[in-house]
């Protein structure tokens, strides 16, 4: 829970992204869009995934996972293949 001090980044419990695991929904949704994109980008760098447009490639799974977390498991199942 926020105490009103510090940034959202300091309050997050997430320090990494892995599309093969389930992220805690509350933590993922608490992160702002830029933080989620950076988590996905960091994953791609760790795995040495070479993509033509790294920023765009990080934005799509970030938005997809946020939508899945916000709208439940039914949507998550439909989006899972596109979040890698």
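Neighbour counts of C-beta atoms inside 10 Å place 29, 56 in the sequence 56, 29, starting with the fewest. With the simple spin-label model, which puts each label point 7 Å out from Cα in the Cβ direction, the residue 42 to residue 25 separation comes to 2.4 nm. Taking a ≥ b ≥ c as the square roots of the eigenvalues of the Cα gyration tensor, the stretch 23-69 is prolate, since a/c reaches 1.5 or more and a/b is larger than b/c.
Just so you know, all these numbers are worked out from the coordinates, no wet-lab data involved. In this text, all values refer to a predicted model and were calculated from it rather than measured experimentally. Ideal geometry is used to build each Cβ from the backbone, glycine not excepted, and the neighbour counts take in all protein chains shown.
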